[in-house]
1. At a Förster distance of 60 Å, what's the computed FRET efficiency of Lys200 paired with Asp381, Cβ-Cβ distance as r, to 0.05?
2. Could you please report the charge total around Cys288, scoring K, R as +1 and D, E as -1 over all other residues with beta-carbon less than 14 angstrom from its beta-carbon?
3. Kindly state, to the nearest 0.05, the FRET efficiency for Ile104 paired with Ser214, given R0 = 35 Å and r defined as their beta-carbon distance.
4. Among DSSP bridges having both ends in the chain, what percentage is antiparallel? Round to the nearest 5.
5. Would you please give the FRET efficiency between Ile5 and Lys280, computed as 1/(1 + (r/R0)^6) with r the Cβ-Cβ distance and R0 = 25 Å, to the nearest 0.05?
6. Could you pull out every one of the lysines with an alpha carbon less than 22 Å from that of Lys93, ignoring same-chain neighbours closer than 8 positions?
7. Run through region 272-335 and list the GluC sites (Glu not before Pro) located in a DSSP loop whose Cβ has at most 14 other Cβ atoms within 10 Å.
8. Could you tell me what percent of the accessible area of the chain is made up of carbon and sulfur, with a 1.4 Å probe and every protein chain present?
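The values are calculated or read from the model by the stated rules, or taken from the named source; none is laboratory data. Note that the coordinates shown come from a computational prediction; the quantities given were computed from them, not determined experimentally. Reconstructed Cβ throughout: ideal geometry from the backbone, glycine too, with neighbour counts over all protein chains shown. Note: areas computed on protein heavy atoms with side chains; ligands, DNA, RNA excluded. Shrake-Rupley method; radii C 1.70, N 1.55, O 1.52, S 1.80 Å.
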Amino acid sequence: MNNKIKFNRPLNAEQSHLLKNMKGEINSDRTSAVSFEMFETLVLRPFFDRQDIALLMEDDFSSVYIGKKSFYELRTEAEKRMLKKNSDTGCFKLEEIYSCLEKISKISPSSREKLMNRECELEEYFCYPRRCGMELYKKAREKGMKVIITADTFLPRKTVEKILKNCGYGDWDKLYITGELNIPKAPDGQLFTKICKDLKLPAHRLLHFGGDLSADAEAPIKAGTRSVLVTSCRDRLIKSGQLCGYIQKKIFFDFCSQKYLSLRCILALYSHYAFDYPQKRIALSDFCGDRYMAGFLILGAMSLDKSRRKFDKLKKSVLAAMEETPEITAGKEDFSAVFSSHFGSHLDKYGYAGCELPFEFYTEHGAVEDRMFIQDKLSSDVVSKWAVEVSEPETAPVYVGEVKQSAMSKLADKMFPPGTQVRIYAEGVLAKLHKKKL
């Protein structure tokens, strides 16, 4: 990604205030060294989940594998087995995952090496800096602090170091990789105890930044160090409104498929755009009351949808009003710059299924605060009609990983396809029974 992209969207007051407070912790007389978790705090991936990289490797895998399973399935299964085998620490190396993959897929050792190297190459290519993390890192360096990076990952050291340098983090004092050390960050803070011991530093003089509540807040505090939680962009997105739940409900079992890879990447980029600098959600809004955010996701995603959709009169009016609102179109411009920088035309071969869903969500279920974005561009008749027709969306829990469909569920889909009256009636009965049990 071109890290010099200048966004139209300014930080809001809440984001600026929080950034100032975080920098204040670095400036504190109590701080002698600062540690950062690498992924999600200093470095981002333009994917909804890191395992999405496996979806980009299906062609590489199909050239060396003769079975029926996808690379995504087998790669996920291999990692799950390593997690189970190392359940006491949760630490293992990428080589162990691929050794397991070799066994369950029966590919050759040379093919295993080729695929493992390919995964590392993709990680190095796609990772990019989190702007908030970069500001905090630079502040620590400006203050002459010792900078420590913790990488809770199974990636090899040479890959981790290359990613950091590619992202502009070329200068650190210590780099700790959990998969290499076999020391977990959570639950009791062993890694932070080791860091302080290695640096010969009193625990309370170390300040840690990270996004995982257990590993980056509770664990360092248990070790006697101080911590600041820099929330994961994706986690903040999932908790901010009903959009992700709506999309999950619409797609469900196919959400982790190649068909919706582009949509997952769009959601990831949107989460980074909206929540790179953390902010809270606003009641009665799914876009934090921010026109730029609505333009980035809604019009940005729509710009990739090449199909000529026929909209009803209301949706045509809403779309025209959005395109007449400067902040919304500026958000769309930001999306175009970011998406092109990350992917160019690389995702074209996967298609852009689901890119209409954010617009569908907005027009059919838009919250009060969000509908007001364009109210001054709509006639009173359209405003009244929209207010009457809008409804609460049906949502589902947002699953990051793959959700497997049971044999019974597949049979139900064949006998009573989703959307048919009998299926809707049956699901309504089951929902009522479930509520009674609760």
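1. Efficiency computed from Cβ-Cβ geometry: 0.25.
2. That works out to -1.
3. Computed FRET efficiency for Ile104 and Ser214 comes out at 0.70.
4. 10
5. About 0.50, to the nearest 0.05.
6. Qualifying lysines at Cα under 22 Å: Lys80, Lys84, Lys85, Lys103, Lys106, Lys114, Lys158, Lys162, Lys165, Lys174, Lys185, Lys194.
7. Sites meeting the loop and neighbour criteria: Glu324.
8. 52
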